[in-house]
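Student: After the C-alpha cells below, expect a handful of questions from me.
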Amino acid sequence: MKRIALEEHFLAPGFEEYWLKTVEDVDPALYGQVLARLNDFGEQRLSAMDTSGIGMSVLSLAGPGVQIERDTATAVRKAREANDFLATQMQKAPDRYLGFAHLAVQDAKAAADELDRCVRDLKFSGAMINGHTNGQYLDHPDTYPLWERAEALGVPLYLHPADPITPMPALDGYRGLKRATWEWTVETGTHALRIVFSGLFDRFPGAKLALGHLGETLPYQLWRFDSRAKLYGVKLNRRPSDYIRENLVVTTSGMFSFEPIDCALKALGRENVMYSADYPFENPAEAGAFMDELPLDPGVIADISYNNAARLLRIKATS
C-alpha cells in the first residue's frame, strides 16, 4: 500500500522573498539545493516520493507566504495566484499530487471564499495556514468565517510552524534552539492550544485542525491540560483533551522516532495519526525507512500510512 503524505512543500513564483525570511542563516549551498527541490514538480520530486513509498503527496506552499504580507489586497491576490499555480502543477501528475490551499487570513471572508473555490473548483483537500497572520492567531473571532467554511466543506486546516511574533528571550544566546529545533514547536503548540482553550471547537464542533511533528508535544500533556483547565476555571463544554482527540489530527512530519509516535497513538488514537515526509526539508529515504521499520501491527501501519488520510481527505481507497 502506497502512503499519502500530508505535508510536502513547494514554492510558487513571487514567493521566494517570503520564504527567505525563515532561512536567512542557512548555508547558501544548502539553500540552493532546497530551493531547486521546492521549485520542481517533475522527476526529482516524484523520485523522492518513490524513495519514501509515497503514492500521493498533498502539496502546500512553503511558509510563511502571505501570512506576513502587510497589505491585505496583495495578500488576497497572491494567495489566489499561488493556488492557481499549484493547480496547474498538479496536472503534471494528477494521480500523485493533491493540494492544500494558501489563504490570506488577513481577510477571513476572502480566505473562506478562496478555500471554497480551491476545494470545489480546483479539487484541493483543505488548506495550510503558516502560523499567525501578522500577529493574529486562529482563535480570533475575525477568523470565524474561515472556520465556518472549512467545517461546512469538511476539510482540515493544517497549522504549520512560523516564527513567533517576537523572538523568545529565553532562547537568547542559543542559536541551536531557534526555529525548527524548539522555538517553532513552542509557538505552534501554543497556537493550537489557544484554539482549543478559546472554545472555538464548541462553536465549530466539526472543524478539523492538523498539526505536524506528531502534535507539537501536545499528546504528551493531555492530563495536565485537563487538570489545569479545571484548576483555573476554564469554561468549555468538554475537557481540553476531548477536543484534542476529536478535532485534531497529527502527522509524522519531521519526527521519525518510535517514542513520540507511540505516545501519539496511545494518547490520540490510531485514527488520528497520519504520515508526512516534510519534503524537501527532511530526507525522504529516512522518512520511508522509519515507517518500514516501525514495530507496530500492520493494521496500524496501514491506518497511519493511508487509511486515515484517505478518510480525512475523501480519497477513494486503492490497493
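The values are calculated or read from the model by the stated rules, or taken from the named source; none is laboratory data. Bear in mind the structure is a predicted one, so any value in this text is a computation, not a measurement. Here the Cβ is made from the backbone with ideal geometry for all residues, glycine too, and neighbour counts use every protein chain on show. These accessible areas exclude ligands, DNA and RNA; they are computed on the full protein's heavy atoms, side chains included. Shrake-Rupley method; radii C 1.70, N 1.55, O 1.52, S 1.80 Å.
Student: Any idea which residue in the range 197-211 is farthest from Pro156 (Cα to Cα), counting only those that are of a type outside the set (Phe, Trp, Tyr) and surrounded by 24 or more Cβ atoms within 10 Å (Cβ to Cβ)? Steps first, please.
Tutor: Filtering the range 197-211 down to residues of a type outside the set (Phe, Trp, Tyr) leaves 198-200, 202-203, 205-211.
Next, from what is left, pick out any that are surrounded by 24 or more Cβ atoms within 10 Å (Cβ to Cβ): 209-211.
Values: Leu209: 6, Ala210: 7, Leu211: 10 Å.
Filtering the range 197-211 for residues that are of a type outside the set (Phe, Trp, Tyr) and surrounded by 24 or more Cβ atoms within 10 Å (Cβ to Cβ), the one farthest from Pro156 (Cα to Cα) comes out as Leu211.
Student: Moving to a separate point now. If we scan the range 166-179, do we find a residue that is β-branched (Val, Ile, Thr) and over 19 Å from Tyr18 (Cα atoms)?
Tutor: no
Student: Hey, any hits in the range 146-158 for a residue that's surrounded by 22 or more Cβ atoms within 10 Å (Cβ to Cβ), at pLDDT 95 or above and small (Gly, Ala, Ser)?
Tutor: Yes, the conditions are met somewhere in the range 146-158.
Student: For Asp25, only one of the following conditions fails: (1) open to solvent by less than 10 Å² (accessible area, probe 1.4 Å); (2) charged (D, E, K, R); (3) over 20 Å from the mean Cα position of the chain (by Cα). What is its number?
Tutor: (1)
Student: Is it the case that some residue within the range 166-188 is buried (at least 24 other Cβ atoms within 10 Å of the Cβ) and in contact with a strand residue (DSSP E or B) (Cβ under 7 Å, 6 or more places away or on another chain)?
Tutor: Yes, the range 166-188 contains a residue that is buried (at least 24 other Cβ atoms within 10 Å of the Cβ) and in contact with a strand residue (DSSP E or B) (Cβ under 7 Å, 6 or more places away or on another chain).
Student: How many residues are free of Cβ contacts under 8 Å to residues at least 60 places away in the same chain, part of a loop (DSSP other than H, G, I, E, B) and either under 18 Å from the mean Cα position of the chain (by Cα) or closer than 17 Å to Ser52 by Cβ (or both) if we restrict to the range 256-283?
Tutor: Total satisfying the criteria: 4.
Student: What pairs can you find where one residue is in the range 58-81 and more than 18 Å from Arg117 (Cβ to Cβ), the other is part of a helix (DSSP H, G or I), and their Cβ atoms are less than 6 Å apart, with a gap of 6+ or different chains?
Tutor: Ala62/Trp19; Ala62/Leu38; Pro64/Tyr18; Glu69/Ala75
Student: Glu286 passes all but one of (1) in contact with a Leu (Cβ under 9 Å, 6 or more places away or on another chain); (2) open to solvent by 60 Å² or more (accessible area, probe 1.4 Å); which number fails?
Tutor: If we test Glu286 against (1) in contact with a Leu (Cβ under 9 Å, 6 or more places away or on another chain); (2) open to solvent by 60 Å² or more (accessible area, probe 1.4 Å), just (1) comes out false.
Student: If you don't mind, another one. Among residues belonging to the range 33-52 that are of a type in the set (D, E, K, R) and closer than 17 Å to Ala287 by Cβ, point out the one that is least open to solvent (accessible area, probe 1.4 Å).
Tutor: Let us first name the residues in the range 33-52 that are of a type in the set (D, E, K, R), namely 37, 40, 43, 45, 50.
Okay, now just the ones that are also closer than 17 Å to Ala287 by Cβ, so 37, 45, 50.
Details: Arg37: 68, Arg45: 4, Asp50: 82 Å².
Ranking the candidates gives Arg45 first.
Student: Now a separate question. Under 9 Å between Cβ atoms, which residue pairs at least 6 apart in sequence (or on different chains) link something in the range 210-232 that is assigned to a helix (DSSP H, G or I) with a partner that is among the basic types (Lys, Arg) and open to solvent by 70 Å² or more (accessible area, probe 1.4 Å)?
Tutor: Pro219/Lys266; Leu222/Arg239; Leu222/Arg245; Phe225/Arg239; Asp226/Arg239; Ala229/Arg239; Lys230/Arg239
Student: Scan the strands (runs of 3 or more DSSP E) fully inside the range 82-200 and keep the ones with 1 or more residues being more than 19 Å from Val249 (Cβ to Cβ).
Tutor: Once the strands (runs of 3 or more DSSP E) in the range 82-200 are filtered for at least 1 residues that are more than 19 Å from Val249 (Cβ to Cβ), what remains is 97-99.
Student: Right, here's the next one. So, in the range 266-283, exactly how many residues are open to solvent by less than 30 Å² (accessible area, probe 1.4 Å) and either of a type in the set (D, E, K, R) or closer than 27 Å to Gln33 by Cα (or both)?
Tutor: The total comes to 6.
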